[in-house]
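In what follows, a structure is listed as structure tokens, so that the remarks can point back to it.
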Amino acid sequence: MVTSSHRCMGAWSTGADIGSVDMPRDTLTQAAPERHCSFRRVCTSSTGDWVYFAKSDEFMDRKSFPAGVDIWARGGFGRHLAVQDQMFTVQHGSIPQNATFLPDAVVVKVRPFAPSNLGHFLGNSLYPAFHLAWRFLGASALLNTPRILFDGLNQTNPEQMAQRCARWGHRRSGNKGSLRDACDKHIRTVSKFVTELVPALTGKHPYWEESLRRRAQREANGLLCVKELLVGTGGLSWSALFTLAGGVQRRPPLTLWPDFVEKISRGLLPDSGTPNAPGNAMLLVKYGRRAPLLSAYNVLAQFVETRSGVQVTPLEPSQLTLKQQFRVVSRASFSITPDGGASFLCAFMPEGAALVVLGELEKWVWANDRRVRAFYCTPRGPRVACLPASPENDDCYTAEAVMPCLIDMLPRVLHHVRHTWPTVGVAQVR
């Protein structure tokens, strides 16, 4: 008789049998963000339920159970957020002999957070999935990262998102053109991430849960099964922040972040190794909140070129494919970027590069990156309206707001670059 099985890890402080999910629900869900589970031989059904085929002595008198995990990978930044558990319907007995199994050995399920933001797509979707795979599979996850299954009302599925945008346009009054433009931008951005970043990490395109449900509807028994399903990415994202006794907060170390970055780099640019002496500097161009005014970028580029003797290449991500973006970034000896999600493109610079972050966000991520040395320049003075990109937003700044810091910081950046690549052609700061 072939039945399902499971194994869980984490949340030792609950005092329960942390290796199991066959326990009272209140105990099980007490520390869901820190629990991770592997379910073998489970099936999704034509109704959208996941089915666990139980032995006669487990889950007795129960029709369903939660896994006691959080499939959201949003972390919460220290806020208390409701978890999204993984539920199973219990069916005692063997899996049907004619059940169809997906070809993948392992599938990792994750519910992405803000997938049109590069930082969130990496840190709140792909990295938690990679980390969860490593938890159960060890170093083999580097060689064969499991297939990713995106869950929920899926903003990562371009086809479904386009249909939703059309529905929203009919329901909402006001400027439908603005809504349509926003939807189109979302679809283009997410499509770029899904079609290029996911295969770079896993070697495969992702599954979507709704698509699996439709496939199950075409099966004679209404089931589509997986050999192993990993769930529980909630506490593994880079925005996870846990509150300890006494109100002390801590972030888990992002131990695998550099390995994750290198795996995507090899997948997206298999022909590019670390250059002996990268030449240009890169200036990441970002519009909207927490960014320089559009007019400030030329001022910053000219300043850095004059002071360093290094040509500065402006990079506007929306104008390039991800592969083109990565190729530019992979040849930069140092970069300057506003903080926020777009800055994570700089994680893919060559090992030993330097980074100047204009702001203070995500310090905990760069502190765990052994590949890139980060420096910080916090904008000073009053914020100004973000013309022309976001007239309603007053969270931008001028070049003068960061210039005093750059004057002091640039010599340290160039010293780091010369130490990494003694032959790189940077001038003494003038």
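The values are calculated or read from the model by the stated rules, or taken from the named source; none is laboratory data. Keep in mind that what you see is a predicted model, and the values were worked out from it rather than measured. Virtual Cβ from ideal backbone geometry, glycine too; neighbours counted across all protein chains shown. Accessible surface is based on the protein model in full, side chains and every heavy atom, while ligands, DNA and RNA are left aside. Shrake-Rupley method; radii C 1.70, N 1.55, O 1.52, S 1.80 Å.
Table for the structure above
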| item | result |
| --- | --- |
| Cβ-derived FRET efficiency at R0 22 Å, Val2 paired with Asp61, nearest 0.05 | 0.45 |
| Inter-site label distance for Leu361 and Ser140 at 7 Å from Cα along Cβ, in nm | 3.9 nm |
| CD proxy at 222 nm, helix term only [per DSSP H run n ≥ 4: -39500 (n - 2.57); per residue of the chain; nearest 500] | -8000 deg cm²/dmol |
| Estimated dipole of segment 215-273 in Debye, rounded to 20 [Cβ of Lys and Arg +1, of Asp and Glu -1, Cα centre] | 160 debye |
| Accessible surface of the chain [probe 1.4 Å, protein heavy atoms]: carbon and sulfur percent | 51 percent |
| Debye log10 I(q)/I(0) at q = 0.20 Å⁻¹ for segment 231-324, Cα point scatterers | -1.10 |
| Kirkwood Rh, angstrom, the chain [1 / mean 1/r, Cα pairs] | 23.5 Å |
| Label-point separation, Ala114 to Arg188 (7 Å along Cα→Cβ), nm | 2.1 nm |
| Positive-end residue of Pro258, Leu224, Val329, charge dipole of the chain with Cβ unit charges | Val329 |
| Nearest-ten-degree value, helix 158-171 long axis tilted from longest Cα axis of the chain | 90 degrees |
| Positive dipole terminus of segment 35-169, leading residue within Met161, Thr89, Val51 (C-beta point charges) | Met161 |
| Cβ-Cβ FRET estimate between Val299 and Arg40, R0 fixed at 51 Å, reported to 0.05 | 0.30 |
| Alpha-carbon centroids, segment 333-384 and segment 57-89: separation in whole Å | 35 Å |
| Nearest-20 debye value, the chain charge dipole, Cβ charges on Lys, Arg, Asp, Glu | 500 debye |
| Set of lysines near Lys263 by C-alpha distance (under 30 Å), chain-local residues within fewer than 8 positions excluded | Lys109, Lys185, Lys192, Lys204, Lys227, Lys286, Lys323, Lys363 |
| Two-site label geometry, Ile407 and Lys323: point separation in nm, points 7 Å out along Cα→Cβ | 4.5 nm |
| Largest to smallest principal axis extent of the C-alpha atoms in segment 244-391, angstrom | 49, 41, 29 |
| Per residue, in Å², the accessible surface of segment 207-319 once ligands and nucleic acids are set aside, probe 1.4 Å | 44 Å² |
| Crossing angle, helix 257-268 versus the chain [Cα axis fit, 0-90 degrees, rounded to tens] | 90 degrees |
| Segment 1-126 - accessible surface per residue (Å², probe 1.4 Å) | 45 Å² |
| Peptide ranges 109-120, 321-332 listed from the most packed, as the mean C-beta count within 10 angstrom indicates | 109-120, 321-332 |
| Gyration tensor verdict on segment 281-354 (Cα atoms; rounded if a/c is under 1.5, prolate if a/b is larger than b/c, oblate otherwise) | oblate |
| Sequence-separation-based contact order of the chain, relative, with Cα cut under 8 Å and 6+ spacing, percent | 16 percent |
| Residues Arg380 and Thr306, FRET efficiency given R0 of 25 Å [Cβ-Cβ distance, rounded to 0.05] | 0.70 |
